[in-house]
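Please read the structure below before turning to the comments.
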Amino acid sequence: MSLEKKMEEKKKIKLIATDMDGTLVNDAKEVPASFAPWVLSHPDQQMVIASGRPYYTNEELFKAIKDHLIFIGDNGGLIYQQGQVLAKAGITAKEAKFCLDLFKDEPLANPILCGASQAICHDPKGDRNFLKQLDTYYIKRRYVEDLEAEVNSDEIIKFTVYIEGGAAESIYRQLPEMPGNLSAVLAGPEWIDIVNKDANKGAAVKKIADLKGIKQDEILAFGDYLNDLTMLEAAGTSYAMVNGHPDLKKIADHIALSNNDEGVMQILRKLFD
């Protein structure tokens, strides 16, 4: 890239939105060591962490620089900055019960009610894989026997289900059409999310851009899976990771190196440093 083009991009981009898993963090769930220093040294670019994880998990992960970030949690269900909720779109108790019924006969499914304050799920009871997922993504949680009895116990932002063995896509493809205000999205090889149809990463990025007076061509976005599709479409410049879903790579403007090769950081350094 020429110096002139690089300076053009640096001046133009005002908001950068990046997915987490499969995108910014490597497969060991580690954030690049250079990420926090980069954010602190580039105050003219607002960094947005856009994730299927709840905001509180990512806020803890980035606690050293949390006041310099905006968090999109639960795939767009909640936008959070400096201790304040900027926007929220959840699902009703009735809709949460519908979601539970949808997966009640699926033996591979581990359902989670994603409340505004914490996750609600069954006790893993020795299931190491499920426990590892919970420890990574839902650091605030409580275990219950009857999830249906909990649909009114918190404001439910999202319903998610962990599918053992990476079979999420095959199950996702067989789901019926979602009723009413619900929308299902494939969030990873092992995850299916059901959210308010108005809650997605793209809508959340647009909301932030409107609040900050930022235009679409001033937005840069990175993602790897189908829950990132609306976000990449909302950005003026988009990158899909080389390890990403084929359908996402089809619509992205560019392809970045893999999450294990710090593809996001390589592009940021190329464009801005």
* Would you mind stating whether K158 is surrounded by 15 or more Cβ atoms within 10 Å (Cβ to Cβ), assigned to a helix (DSSP H, G or I), within 18 Å of the chain's Cα centre (by Cα) and at negative phi? => no
* Pick from K88, K125: which is open to solvent by 70 Å² or more (accessible area, probe 1.4 Å) and in contact with a Leu (Cβ under 8 Å, 6 or more places away or on another chain)? -> K88
* Asked: What number of residues within region 217-273 are surrounded by fewer than 24 Cβ atoms within 10 Å (Cβ to Cβ), in a helix (DSSP H, G or I) and of a type in the set (D, E)?
  -> 5
* State whether one or more residues within region 166-175 are within 30 Å of D210 (Cα to Cα), aliphatic (A, V, I, L, M) and in contact with a Leu (Cβ under 7 Å, 6 or more places away or on another chain). => no
* Mind listing whichever residues of region 202-247 are among the basic types (K, R) and over 23 Å from L271 (Cα atoms)? => K207
* Which numbered condition S51 misses (of (1) open to solvent by 40 Å² or more (accessible area, probe 1.4 Å); (2) closer than 22 Å to L226 by Cα; (3) polar (S, T, N, Q)) -> (1)
* Asked: In this structure, does T57 turn out to be part of a helix (DSSP H, G or I), touching a residue at least 24 places away in the same chain (Cβ under 8 Å), open to solvent by less than 40 Å² (accessible area, probe 1.4 Å) and under 23 Å from A203 (Cα atoms)?
  -> yes
* Asked: Got a number for residues in region 183-216 being more than 16 Å from L15 (Cα to Cα) and open to solvent by less than 50 Å² (accessible area, probe 1.4 Å)?
  -> 14
* To do: Taking the options E145, E150, E169, name whichever one is touching a residue at least 12 places away in the same chain (Cβ under 8 Å), within 18 Å of K104 (Cβ to Cβ) and surrounded by 14 or more Cβ atoms within 10 Å (Cβ to Cβ).
  => E150
* Right, A64: hydrophobic (A, V, I, L, M, F, W, C), at pLDDT 95 or above and surrounded by fewer than 16 Cβ atoms within 10 Å (Cβ to Cβ) or not? -> yes
* To do: Looking only at region 62-94, count how many residues are within 19 Å of E155 (Cα to Cα), in contact with a helix residue (DSSP H, G or I) (Cβ under 8 Å, 6 or more places away or on another chain) and assigned to a loop (DSSP other than H, G, I, E, B).
  => 2
* List the number of the failed condition for L108; all other conditions in (1) within 25 Å of Y172 (Cβ to Cβ); (2) crowded, with 19+ Cβ neighbours inside 10 Å; (3) in contact with a helix residue (DSSP H, G or I) (Cβ under 6 Å, 6 or more places away or on another chain) hold. => (2)
* Asked: Does C99 satisfy the condition of being closer than 18 Å to A168 by Cβ, touching an Asp or Glu at 6+ places or on another chain (Cβ under 6 Å), hydrophobic (A, V, I, L, M, F, W, C) and at pLDDT 95 or above?
  -> no
* To do: State whether one or more residues within region 68-76 are over 23 Å from I194 (Cβ atoms) and surrounded by fewer than 21 Cβ atoms within 10 Å (Cβ to Cβ).
  => yes
* **Qualifying positions in region 201-214 - outside any helix (DSSP H, G or I) and without any contact (Cβ under 8 Å) to a residue 24 or more places away in the chain** => G213
* Asked: Consider K29 against the criteria (1) outside any helix (DSSP H, G or I); (2) among the charged types (D, E, K, R); (3) at pLDDT below 95: it satisfies all of them except one. Which criterion is unmet?
  -> (3)
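The values are calculated or read from the model by the stated rules, or taken from the named source; none is laboratory data. Note that the structure is a prediction, hence the values are computed from the model and not measured. Using ideal geometry, Cβ is built from the backbone for each residue, glycine included, and neighbour counts are taken over all protein chains shown. Keep in mind that these areas ignore ligands, DNA and RNA; they rest on the heavy atoms of the full protein, side chains included. Shrake-Rupley method; radii C 1.70, N 1.55, O 1.52, S 1.80 Å.
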